[in-house]
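The values are calculated or read from the model by the stated rules, or taken from the named source; none is laboratory data. Quick caveat: nothing in here was measured; it's all calculated off a predicted structure. Here the Cβ positions follow ideal geometry from the backbone for every residue, glycine too, while neighbour counts run over all protein chains shown. Accessible surface is based on the protein model in full, side chains and every heavy atom, while ligands, DNA and RNA are left aside. Shrake-Rupley method; radii C 1.70, N 1.55, O 1.52, S 1.80 Å.
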Amino acid sequence: MHLESLMWLLPINFMVHDFEEIIFINSWIKKNKAYIYEKFPQVAKRFFPKIENLSTASFSLAVLEEFILLSVLTLICVEYSQYSFFAVITIGYLFHVIVHLVQLIALQRYIPGAGTGIITGVFSVYTLYYLNCLGLLNWIYIWWLSPIVIFIIVVNLYFCHYLARRFEKRLDITVIKY
């Protein structure tokens, strides 16, 4: 496989993973809300008011923003041979997958995104292994930049959810007008 093709599979894998979340998150929340409130009441009090009333369209808008950002960064990495920065982005995605696995273990039940997260996570580890075998990675750069990028990913996630909530309010206003 060409190295560039391998790199472009990251945004594709991200979307496969997020499609699982988009498709199943609303029904999963309805089925598991009471359980989560019982098991983790403090987390539930913070989490559910922000996400439970989001429509699929609003949640998809948040995913779209993340996908565009990931695609632009991947393009830059491919065009300018920024393999170490691409590795950092891949590690950021792996962090996202690990969060899903922690949720899976903590809740002791399946969560949307866990299955595709595992599959795409294995692929991401392989990508890092392959880039390393080719001698394309600067691990000192990766070591220092990864925490910064993970922090940016977390901030962007909050921003995406903010956008989704604003979009949801806009949808409500639009529905009321008609």
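Helices meeting the span-like rule in the chain (full DSSP H runs, Cα extent of at least 27 Å along the helix axis, mean Kyte-Doolittle score of 0.0 or higher): 3-39, 56-79, 83-107, 114-133, 139-177. Between the range 72-109 and the range 26-42, the C-alpha centres lie 27 angstrom from each other. The value of relative contact order for the chain, using C-alpha pairs under 8 Å at least six residues apart, is 35 percent.
Per residue, the range 44-178 exposes 61 Å² of solvent-accessible protein surface, assessed with a 1.4 angstrom probe and all protein chains in place. Starting from the range 91-141, pick out the chymotrypsin sites (Phe, Trp or Tyr not before Pro) whose DSSP state is loop and whose Cβ has at most 15 other Cβ atoms within 10 Å. Counting only loop positions with at most 15 other Cβ atoms within 10 Å, the chymotrypsin sites (Phe, Trp or Tyr not before Pro) in the range 91-141 are 110. On the principal axes of its alpha carbon atoms, the chain extends 54, 40, 28 Å, with the longest extent given first. Plainly put, the range 1-93 has a radius of gyration that is 1.11 times its Kirkwood radius, both from alpha-carbon atoms, as the Rg/Rh ratio.
Could you calculate the contour length gain from residue 101 to residue 163, that is, 0.36 nm times the residue separation minus the distance between their Cα atoms, to one decimal place in nm?
Numbers: separation 62, 0.36 × 62 = 22.32 nm, distance 2.56 nm.
Here the answer is 19.8 nm.
Solvent-accessible area of the chain (1.4 angstrom probe, protein heavy atoms only): carbon and sulfur portion equals 71 percent. Summing Cβ point charges (Lys, Arg +1; Asp, Glu -1) relative to the Cα centre of the chain gives a dipole of roughly 860 debye.
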